[in-house]
Amino acid sequence: MRAPGGVPNDPVDEDPASERTPVALVVPRGLVVLAAAWIFLAWIILFGWKPPVQPQAASYSGGMQLLFVMVAVGATVLWPLLRLSGRPSSAPMLQAVFDALAMLVLLQVVVWPLRLVTNWTLPRSVAIDCALGASLMTTAAILGAAHGLRSPRARAIAMTILVALAAIPPLLDRMLGSPADPSPLAALSGPLLLGRLSSPIPLDPSPAEWGMLKAAAAVAVAAWVVALVFRRSARAEAARRSGLV
């Protein structure tokens, strides 16, 4: 753009709305790098630089639970915060799915090697993997519904919902529940769900824990149904306002 007289406009004179122009679908390379850095940081904070070689696998149990709580915080709070603080996406639902799949694949290098230093059985590792998938997909549904919006207020509301889901159920569970028992609130909160399922006892997930995981999967499906309906309504409203319908 040029001002009258052929002098280019100063960058501060550009339309601020251009900063909210949707971006195309991207391969989440940067997100994968940041997620790997977050996992590495969590590992260093919990275990330090020296190899934590211990005579008993039980000595890892508390650290494993904290590790997966931190992983869940990254997946349910930091990831959507990164996306919602940037420009909107022209394909928000698909972008959220791409992001979630990329992080789920990355997290496999965290889940499965831990069987070498813990007493986790195969069903326990599968349950943790499924919990990661359910938490990521629930977050992806809310993120996908909000990532295409240009309104800062709407994005702030979506981020508030995500933070509330991550933080409030663990607080209520700590006040009302028992740390050793499966929690009905875990279906709503990734950190609480991963913290409970990464417990070393019992070795195999109990029927109550499988029920907790099924509830989390049902929440993820419901979140996607609501998100798709919301996105369809938002597109119809945008088309109506632009005079296309």
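The values are calculated or read from the model by the stated rules, or taken from the named source; none is laboratory data. Remember, it's a predicted structure, so these values are computed and weren't measured experimentally. Every residue, glycine among them, receives a Cβ derived from its backbone with ideal geometry; neighbour counts consider all protein chains shown.
All conditions in (1) among the aliphatic types (A, V, I, L, M); (2) modelled with pLDDT under 95; (3) touching a Pro at 6+ places or on another chain (Cβ under 9 Å) hold for Leu162, with the sole exception of (2).
Taking region 135-172 as the range and being surrounded by 15 or more Cβ atoms within 10 Å (Cβ to Cβ), of a type in the set (Gly, Ala, Ser) and over 19 Å from Thr21 (Cβ atoms) as the test, the residues that pass are Ser135, Ala140, Ala141, Ala145, Ala158, Ala166, Ala167. Considering region 24-100, the qualifying helices (runs of 4 or more DSSP H), each wholly inside and each with 3 or more residues that are at pLDDT below 90, run over 29-47, 61-73.
When the criteria are applied in full, Ala223 meets the requirement of being modelled with pLDDT of 85 or more, closer than 18 Å to Val77 by Cβ and either of a type in the set (Phe, Trp, Tyr) or within 16 Å of the chain's Cα centre (by Cα) (or both).
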